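Encoded as structure tokens, the structure appears first; notes follow it.
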Amino acid sequence: MGSRRHKNKQSAPPSFDEFQAKKDRKAKRVEEKELKSKARAKENAERSLKRAGAEEVRESSKRAKSGAKSRKLSKPEEQEEELPDVDYDALSKAKKSLFDDEEEEEEVSDVVDEDLKDEFDLEQEYQDEDEEAHAKPMFSDDEGDDEGELENLNAANMEFYSKKLDEDEALEAEEAELELAEAQAMQPRADILPSKEEEEALAGEAPNLTATRTRIIELVKVLEDFKNLGAKGRSRSEYVDRLLKDICEYFGYSPFLAEKLFNLFSPAEALEFFEANEIARPITIRTNTLKTRRRDLAQSLVNRGVNLQPIGNWTKVGLQIFDSQVPIGATPEYLAGHYILQAASSFLPVIALDPQENERILDMAAAPGGKTTYISAMMKNTGCVFANDANKNRTKSLIANIHRLGCTNTIVCNYDAREFPKVIGGFDRILLDAPCSGTGVIGKDQSVKVSRTEKDFIQIPHLQKQLLLSAIDSVDANSKKGGIIVYSTCSVAVEEDEAVVDYALRKRPNVKLVETGLLIGKEGFTSFRGKKFHPSVKMTRRYYPHTYNVDGFFVAKFQKTGPSPHDDNQASAKEKEMEARREAADEGIIHSDFAKFDDEEDDKYISKSKKVGLLKKGVNPKAVKPQEK
Ligand SMILES: C[S@@+](CC[C@H](N)C(=O)[O-])C[C@H]1O[C@@H](n2cnc3c(N)ncnc32)[C@H](O)[C@@H]1O
């Protein structure tokens, strides 16, 4: 596992544009391959018709395949032609001009923080505390722990990078050739599916990852053209079962999660998704426009030996870091709050939210604050942002980031967000970046592959639904330019995305989905495995690591069309939870193993945390009388 991951690790991840270009080239190659394969299949069928008997048909199919193979081998130039020539000088010049966008419009605030160094230290401390506190982390795509990797990288400057691009392109061409050779060497065999005896033998053997990978590729090929390539007498589900077993073995997923993720895609795309999860996403930063301009920041970082370039044309504040001679999380610019380490996908919900100056905005689940601080910057420190998070520990890193980035229009609060609108309502816009299972960020946290269970995909959506209803009820339908709710997750599971959105549309007829306004993203599912969602769910957007080279993400944008009696809901989080439980039990969607409020269990945790608190103060818990504890 480890070595395979290391091998796949990108040395210089492509920018979004380059990635798209590569994807387009790949798509073209795939399309051509498909055309060839269809032609082969047609040839096959014609020959088969001429021959009598099932055995003969299969024989002819094999001959046809080997014919196609030799035809392919005799035409390597065709493949080479597909790789366009790249003028790297022009590319390097173009890269410079990429910074010359309309950034002049971005105003630079002259706020200067005095205690930035202290705040940075605090942030580190709190983040460490957080890590200890959560065995199963709440997923945040920001401020990941990729920083350490950069410290060890040796890099030069932009010229060096240009040379690197050269090398990468050459490597890509080499890889394409290898891929071609691999594909030719692995024409799917009808007998790729192990027999019962072979299955038994396999179960007893030590895993052979190379053989497993070969079989995965062949199984995918067969499944993509089952009618022509499936072995006689073997069903599609037999192939799928074997493929899932191989995916679990090769990539290290639990059978449950492998199947859940596999079902989102065609077999070939699923393989791309699983492969993409083995590669870390590029390190990206967001310019804090309250303090600087992207061009100026880029210049300062380049002067320190950081190789970077803009992320893509859909963001004017993002930079992608290729490598660096200095730790990106500890440069003077970082400490001065000129940027924040933030995953590119994490910009998207804020862009969709489209905060306006002087509005009142609620960020319901805000820690550690990547999106809050972006909202604040888009509002140019006007109006008011309520940054809420239920986890008190995590609000410390939220506060540290707010201070470091110089956001002065922000109030931090610590409620279970289901308490809204009881706490306060009437917001112009609300962002609900919901706690989720993290199936979109497996590239960052491989533990998700085995840690998530069926129960998670019942409990987490249950919470997400309640949070979303609270968000809707807390928005002012009469807000002049607002009345907007954005719901996002870093999960690709339909239960946490489209199903939650569809539920909210059913429960709150006073909201409708609107276009997110985002330049990239795939349409949300309007139906999934027999479940139909409202047709407008098409307007939601999905992001995958293999399509956009960003973390897996989901974004939905609602507009509140009118007030509802729920807007005055004074129920507490606990009351709402009980109500939702009753309702879910009536609908039969909660299984008997659903977590209950367990006061005894709660008491255990409360007393343990009190003991830890006393120990931290240097007091022996045993020496304290029970009522004093
Ligand atoms: C995906 S993270 C948010 C990341 C954040 N928006 C950012 O961009 O930095 C989800 C957050 O939801 C918080 N959370 C979980 N349950 C909550 C609840 N009931 N109410 C409010 N926040 C909650 C978690 O503590 C966690 O910080």
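Hey, does the stretch 473-485 have a residue that's under 24 Å from the mean Cα position of the chain (by Cα), more than 9 Å from the ligand (Cβ to nearest atom) and not polar (S, T, N, Q)?
Filtering the stretch 473-485 down to residues under 24 Å from the mean Cα position of the chain (by Cα) leaves 484-485.
Now narrow it down to the ones that are more than 9 Å from the ligand (Cβ to nearest atom): 484-485.
Okay, now just the ones that are also not polar (S, T, N, Q), so 484-485.
Among the residues of the stretch 473-485, at least one is under 24 Å from the mean Cα position of the chain (by Cα), more than 9 Å from the ligand (Cβ to nearest atom) and not polar (S, T, N, Q), which makes the answer yes.
Residue-wise test of (1) among the aliphatic types (A, V, I, L, M); (2) buried (at least 24 other Cβ atoms within 10 Å of the Cβ); (3) within 10 Å of the ligand (Cβ to nearest atom); (4) within 21 Å of Thr489 (Cβ to Cβ).
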residue	(1), (2), (3), (4)
Leu341	yes, no, no, yes
Ala390	yes, no, yes, yes
Thr395	no, no, yes, yes
His403	no, no, no, no
- Query: In the stretch 308-339, what residues are within 18 Å of the chain's Cα centre (by Cα) and within 16 Å of the ligand (Cβ to nearest atom)?
  - Reply: Thr315, Gly318
- Message: Just to confirm my filter: which strands (runs of 3 or more DSSP E) fall fully inside the stretch 486-565 and include at least 1 residues that are crowded, with 19+ Cβ neighbours inside 10 Å and either on the phi > 0 side of the Ramachandran plot or over 23 Å from the mean Cα position of the chain (by Cα) (or both)?
- Response: 511-514, 553-560
- Task: Please indicate, with yes or no, whether at least one residue in the stretch 365-373 is more than 9 Å from the ligand (Cβ to nearest atom) and under 26 Å from the mean Cα position of the chain (by Cα).
- Result: no
- Task: From Phe256, Phe262, grab the single residue that is surrounded by fewer than 23 Cβ atoms within 10 Å (Cβ to Cβ), without any contact (Cβ under 8 Å) to a residue 24 or more places away in the chain and not polar (S, T, N, Q).
- Result: Phe262
- Verdict on Gly383 being of a type in the set (Gly, Ala, Ser) and more than 13 Å from the ligand (Cβ to nearest atom): yes
- Set Lys422, Lys465, Lys455: member being among the charged types (D, E, K, R) and touching a Ser or Thr at 6+ places or on another chain (Cβ under 7 Å): Lys422
- Message: Could you go through the stretch 282-305 and let me know if any residue there is under 30 Å from Ile217 (Cβ atoms) and modelled with pLDDT under 95.
- Response: yes
- Query: Within the set of pairs 6 or more residues apart or between chains, which connect a residue that is closer than 13 Å to Arg404 by Cα and in contact (Cβ under 8 Å) with a residue 40 or more places away in the chain inside the stretch 364-384 to a residue that is in a loop (DSSP other than H, G, I, E, B) and within 8 Å of the ligand (Cβ to nearest atom) with Cβ atoms less than 8 Å apart?
  - Reply: Pro368/Ser140; Pro368/Glu143; Gly370/Ser140; Gly370/Asp141; Gly370/Glu143
- Output the number of the condition that Val441 fails; it satisfies all remaining conditions of (1) away from the ligand (no atom under 12 Å from the Cβ); (2) out of contact with any Pro (no Cβ under 8 Å at 6 or more places or on another chain). (1)
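How about the stretch 388-414: which of its residues are in a loop (DSSP other than H, G, I, E, B) and in contact (Cβ under 8 Å) with a residue 60 or more places away in the chain? Write out each step before concluding.
Taking the stretch 388-414 as the starting set, the residues that turn out to be in a loop (DSSP other than H, G, I, E, B) are 389-391, 405-409, 414.
The answer is Asn391, Leu405, Gly406, Cys407, Thr408.
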- How do the pairs read when you match residues in the stretch 457-476 that are within 16 Å of Pro565 (Cα to Cα) and at pLDDT below 95 with residues anywhere that are assigned to a helix (DSSP H, G or I) and among the charged types (D, E, K, R), using Cβ under 9 Å and keeping only pairs 6 or more apart or on different chains? none
- Message: Any residue at all in the stretch 303-311 that's out of contact with any helix residue (DSSP H, G or I) (no Cβ under 8 Å at 6 or more places or on another chain), without any contact (Cβ under 8 Å) to a residue 12 or more places away in the chain and more than 24 Å from Leu518 (Cα to Cα)?
- Response: yes
- Message: Given the criteria polar (S, T, N, Q) and within 15 Å of the ligand (Cβ to nearest atom), does Ser451 qualify?
- Response: no
- Message: What's the number of the only condition in (1) closer than 22 Å to Lys392 by Cβ; (2) of a type in the set (Val, Ile, Thr); (3) touching a strand residue (DSSP E or B) at 6+ places or on another chain (Cβ under 8 Å); (4) within 11 Å of the ligand (Cβ to nearest atom) that Ile460 fails to meet?
- Response: (3)
- Item | the stretch 406-425, subset away from the ligand (no atom under 12 Å from the Cβ) and crowded, with 24+ Cβ neighbours inside 10 Å, residue nearest to Leu467 (Cα to Cα) | Thr410
- Task: For residues that are among the small types (Gly, Ala, Ser) and within 21 Å of Tyr543 (Cβ to Cβ), scanning just the stretch 426-438, find the one that is nearest to the ligand (Cβ to nearest atom).
- Result: Ala434
- Tally the residues that are assigned to a helix (DSSP H, G or I) and of a type in the set (Gly, Ala, Ser), restricting the search to the stretch 338-387. 7
- Quick check: anything in the stretch 349-358 of a type outside the set (S, T, N, Q) and away from the ligand (no atom under 15 Å from the Cβ)? yes
- Message: Go through the stretch 390-436 and report how many residues are under 23 Å from Leu290 (Cα atoms) and in contact with a Cys (Cβ under 9 Å, 6 or more places away or on another chain).
- Response: 6
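Mind checking whether some residue in the stretch 419-440 is within 20 Å of the chain's Cα centre (by Cα), outside the structural domain of Tyr250 (by the TED database) and among the β-branched types (Val, Ile, Thr)?
Within the stretch 419-440, the first condition is being within 20 Å of the chain's Cα centre (by Cα), and the residues that meet it are 431-440.
Narrowing further to those that are outside the structural domain of Tyr250 (by the TED database): 431-440.
Checking the rest, the ones that are also among the β-branched types (Val, Ile, Thr) come to 439.
Yes, the stretch 419-440 contains at least one residue that is within 20 Å of the chain's Cα centre (by Cα), outside the structural domain of Tyr250 (by the TED database) and among the β-branched types (Val, Ile, Thr).
The values are calculated or read from the model by the stated rules, or taken from the named source; none is laboratory data. Just so you know, these numbers come straight off a predicted model, no measurement behind them. Here the Cβ is made from the backbone with ideal geometry for all residues, glycine too, and neighbour counts use every protein chain on show.
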